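The values are calculated or read from the model by the stated rules, or taken from the named source; none is laboratory data. Predicted model, so just to flag it, every value in this text is computed and none were measured. Backbone-built Cβ (ideal geometry, glycine too); neighbour counts: all protein chains shown. SASA here: full protein model, heavy atoms, side chains in, ligands and nucleic acids out. Shrake-Rupley method; radii C 1.70, N 1.55, O 1.52, S 1.80 Å.
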Amino acid sequence: KITVGGDGSYCKPDGSHINIARMPSTPLGRMLMTGLVFHEIGHKNHTKGGRPDGLLGDMMNVIEDIRVDTETIKTRPGTCFNLEAVTTHYVNKGSLEPKILPHALLGKVMAYGFGKVLNQSAILPLETLCDTMMDDAFGQEFIDDVETIIKDIPKLKSTKDTTEMAQKLI
């Protein structure tokens with residue numbers, strides 16, 4: 001079942017229901033909604049199980065978002081345009097800028113994955129913002145440790161792999 005409404009998109013862990021955030025009734029809005037459908041169907045096809053609450057669950061979701069978009073693009077290369085439009089939309093809204101340290105860590109992973117793994121250039125400046133915030137709090141060694149872990153995002157094959165990476169990062 002697919003519904004459209006509200007501000008958030010999601011796929012139930014069992015894949016029985018996908019909701020797509022409502023976008024404007026414009027050509028761009030339809031492109032964004034199509035990208036959201038591709039993304040959530042990627043979760044339906046490639047994600048096994050739910051995620052815990054809190055920072056660990058948020059980190060799992062970010063990493064899994066990158067992994068399922070990578071898998072979706074492998075099987076349907078044309079989806080990359082719609083998926084990139086979604087990322088660009090949220091970057092332009094400013095909704096990805098970190099306000100607190102946990103969001104900086106999430107943003108670093110997101111910027112690396114969507115920007116460097118999926119080649120979505122609009123999100124790349126987010127990495128600098130996140131690095132600055134984390135450097136001020138924890139120093140460059142922390143950032144280096146994060147980068148050592150996330151460089152393996154392209155190697156992830158399953159939700160289990162995603163969970164293990166998220167646990168290492170947290």
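Looking across the range 34-83, the residues that are among the acidic types (Asp, Glu) and open to solvent by less than 60 Å² (accessible area, probe 1.4 Å) come down to Glu40, Glu64, Asp65, Asp69, Glu71. Residues of the range 25-48 include at least one that is under 26 Å from Met165 (Cα atoms), assigned to a loop (DSSP other than H, G, I, E, B), within 16 Å of the chain's Cα centre (by Cα) and not basic (Lys, Arg).
Can you tell me which residues in the range 17-33 are open to solvent by 60 Å² or more (accessible area, probe 1.4 Å) and either among the small types (Gly, Ala, Ser) or in contact with a Phe, Trp or Tyr (Cβ under 6 Å, 6 or more places away or on another chain) (or both)? Ser25, the sole residue that qualifies.
For the range 2-12, the tally of residues that are loosely packed, with under 15 Cβ neighbours inside 10 Å and under 17 Å from the mean Cα position of the chain (by Cα) stands at 3. Can you tell me which residue is least open to solvent (accessible area, probe 1.4 Å) among those in the range 124-164 that are touching a residue at least 60 places away in the same chain (Cβ under 8 Å) and outside any helix (DSSP H, G or I)? Taking the candidates together, the pick is Leu156.
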